[in-house]
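Here is the structure we will look at.
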Amino acid sequence: MAGIVGYGAHLPRHRIKVEEIAKVWGADAPSYKKGLMLREKSVPPPDMDTITLSVEATRRALIRAQTVDPKDIGAIYIGSESHPYAVKPSGTTVAEAIGATPDIHCADFEFACKAGSEAMFVALSHVDAGHMKYALGIAADTSQGAPSDALEFSAAAGAAAFIMGKDNLIADCLDTHSFMTDMPDFWRREHEFYPQHAGRFTGEEAYFATTKGASIALLKKSGMKPADFKYAVFHQPNGKFPQRVARELGFTQEQIDPGWLAPRLGNTYSGASPIGLSATLDVSEPGDLIFMCSYGSGAGSDAFIWKVTERIDEVRDLTVRTHKLLDENIIYIDYGTYAKFRRKIKMNY
Amino acid sequence: MSMFSSRSWREYPQRYRMEASRFKKSGKTYYPPRDIDPETGDTAQEIVRLPDTGKIVTYTVIRVAPSQWGDLSPYALAIVELTDGTRMMGQMTDVDVEEVKIGMEVRLEFRRIQTESHEGVLSYGHKFVPNWF
């Protein structure tokens, strides 16, 4: 099957701590930190959005792809719930910035937090079907949580980009499975600024049932068991959910550790499991199997089995690793700066 | 379509891909690209992409910014010498202005440059960030 020939991630440098948000709303920070396993989250500054994050992640994917000419990329798909325009594509700006225009197909995908993995899935499928030599799947978000809502403690920003191809793979996709039902657990109506969610209903019946549905079906289809994998990556709306779903499926903490970024990154929505995959590829060895399962409210999961090739040793350090972006040169901001950055203050212009 | 969006569109090659003109006779590179080499009058050129790293030659700090950059002030505007010797001016971002120094190593990053209004077109291009990796 087709697979990944280049990957890259990008994260904002700014972070806000759970305590800083809790202080403003009189919330109990220790209970959020313990209950949701969140310590801090990334915050995009005003000059960063889904398009700029996508361009930077894609440039890193091109560096790791080494020999891919952008003109040979036949499609760019960006999955996000925070496309900067309501009407005007994000993908065309990325295509222009990397020099892939004009003979290319672009589409912006939306499916809550699953939009990124579906961009990867469609890119992979086009290449697998022989429609094009390379296709780019991008997962990017600058997500919004309403002030004082539980989501405000987690809604974060980041991106990962994957160039799919058939030759010179970094990771071969061995199998996939997608699982969808109509689930009203999280939504944002047209013209509304902040999303709404159904509280605890978003857990058991939505996230856990859907993630397990896709994961169990893919394990069955592939004839594999959790112990066959070196690593696993799940959607991470907080630190706790992926930990619990991994345990209930039979994966260990050691398997999810490299891609378990939410406690320090927050929920990057469409970016969550794809950025986790980039961090996992960074530490993988040739021959490792990686299990990945996204989740998007509404609701659905896309699950993938990746087999890492020997090319990983050659490319992983050609550009910055995801954990370096997560761990180093962090700028902590207060709630006032955060409110300004996320345009939560009414202005007179 | 406003003047702003058409102008922005015409400048994509230099704003999005850092394309510059390198003249055959003098070997000099100009950014933004020029049709004629001002020193030799030469028109024979090739389009090159500028490197994405360099060092600050000099800078100034903007504390009272035009409204479209008000949410970023204070910020530095720097003249940077890229690794190929080309000098260009750009806005610094992701850095406290007190940390900006002559000789600081910087990297170009794709950013939102400005917007025409709340309803208008978004303008993208590059800014300088500290080159920490």
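Across the stretch B:103-118, the qualifying residues are those that are more than 17 Å from the chain's Cα centre (by Cα) and more than 11 Å from chain A (Cβ to nearest Cβ), and the one among them that is farthest from A:ILE51 (Cα to Cα) is B:GLY103.
What residue, among those in the stretch A:35-50 that are closer than 16 Å to A:TYR332 by Cα and either in contact with a strand residue (DSSP E or B) (Cβ under 8 Å, 6 or more places away or on another chain) or not aliphatic (A, V, I, L, M) (or both), is nearest to the other protein chains (Cβ to nearest Cβ)? So that I can check it myself, show each step before the final result.
Step one: of the stretch A:35-50, the residues closer than 16 Å to A:TYR332 by Cα are A:38-46.
Remaining after also requiring either in contact with a strand residue (DSSP E or B) (Cβ under 8 Å, 6 or more places away or on another chain) or not aliphatic (A, V, I, L, M) (or both): A:39-46.
On the way: A:ARG39: 21, A:GLU40: 17, A:LYS41: 17, A:SER42: 12, A:VAL43: 12, A:PRO44: 10, A:PRO45: 7, A:PRO46: 5 Å.
Among those that are closer than 16 Å to A:TYR332 by Cα and either in contact with a strand residue (DSSP E or B) (Cβ under 8 Å, 6 or more places away or on another chain) or not aliphatic (A, V, I, L, M) (or both), it is A:PRO46.
For the residues A:PHE229, A:PHE234, A:PHE241, the requirement of being in contact with a Pro (Cβ under 6 Å, 6 or more places away or on another chain), within 23 Å of A:GLU118 (Cα to Cα) and of a type outside the set (Gly, Ala, Ser) singles out A:PHE234.
Note on the stretch B:75-93: residues that are outside any strand (DSSP E or B) and away from chain A (no Cβ under 13 Å) total 4. Scanning the stretch A:300-346 for residues that are buried (at least 20 other Cβ atoms within 10 Å of the Cβ) and among the small types (Gly, Ala, Ser) yields a total of 3. In a residue-by-residue description of the stretch B:20-38, the property of being of a type outside the set (Asp, Glu), loosely packed, with under 14 Cβ neighbours inside 10 Å, farther than 19 Å from A:LYS340 by Cβ and within 10 Å of chain A (Cβ to nearest Cβ) applies to no position. Take the conditions modelled with pLDDT of 95 or more, outside any strand (DSSP E or B) and more than 12 Å from chain B (Cβ to nearest Cβ) and apply them to A:ASP313. Does it pass? Yes: the conditions hold for A:ASP313. Filtered by the rule that a residue be surrounded by 24 or more Cβ atoms within 10 Å (Cβ to Cβ) and closer than 27 Å to A:GLU152 by Cβ, the stretch A:280-299 gives A:CYS293, A:SER294, A:TYR295, A:GLY296, A:SER297, A:ALA299.
For the stretch A:59-81, filtering for residues that are assigned to a loop (DSSP other than H, G, I, E, B) and in contact with a Pro (Cβ under 9 Å, 6 or more places away or on another chain) leaves 1. Taking the stretch A:174-221 as the range and being polar (S, T, N, Q) and surrounded by fewer than 17 Cβ atoms within 10 Å (Cβ to Cβ) as the test, the residues that pass are A:THR181, A:GLN196. For the stretch B:94-133, residues that are out of contact with any Asp or Glu (no Cβ under 6 Å at 6 or more places or on another chain), part of a loop (DSSP other than H, G, I, E, B) and not acidic (Asp, Glu) total 12.
Residue-by-condition table, conditions (1) touching a helix residue (DSSP H, G or I) at 6+ places or on another chain (Cβ under 9 Å); (2) among the aliphatic types (A, V, I, L, M); (3) within 14 Å of chain B (Cβ to nearest Cβ); (4) in a strand (DSSP E or B):
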| residue | (1), (2), (3), (4) |
| --- | --- |
| A:THR93 | yes, no, yes, no |
| A:ALA97 | yes, yes, yes, no |
| A:CYS106 | yes, no, no, yes |
| A:PHE121 | no, no, no, no |
| A:LEU124 | no, yes, no, no |
| A:HIS131 | yes, no, no, no |
| A:LEU136 | yes, yes, no, yes |
| A:ALA139 | yes, yes, no, yes |
| A:ALA146 | yes, yes, no, no |
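Taken over the stretch A:52-102, residues that are in contact (Cβ under 8 Å) with a residue 60 or more places away in the chain and among the acidic types (Asp, Glu) amount to 3.
The values are calculated or read from the model by the stated rules, or taken from the named source; none is laboratory data. Not measured: the values here are computed from a predicted model. Here the Cβ is made from the backbone with ideal geometry for all residues, glycine too, and neighbour counts use every protein chain on show.
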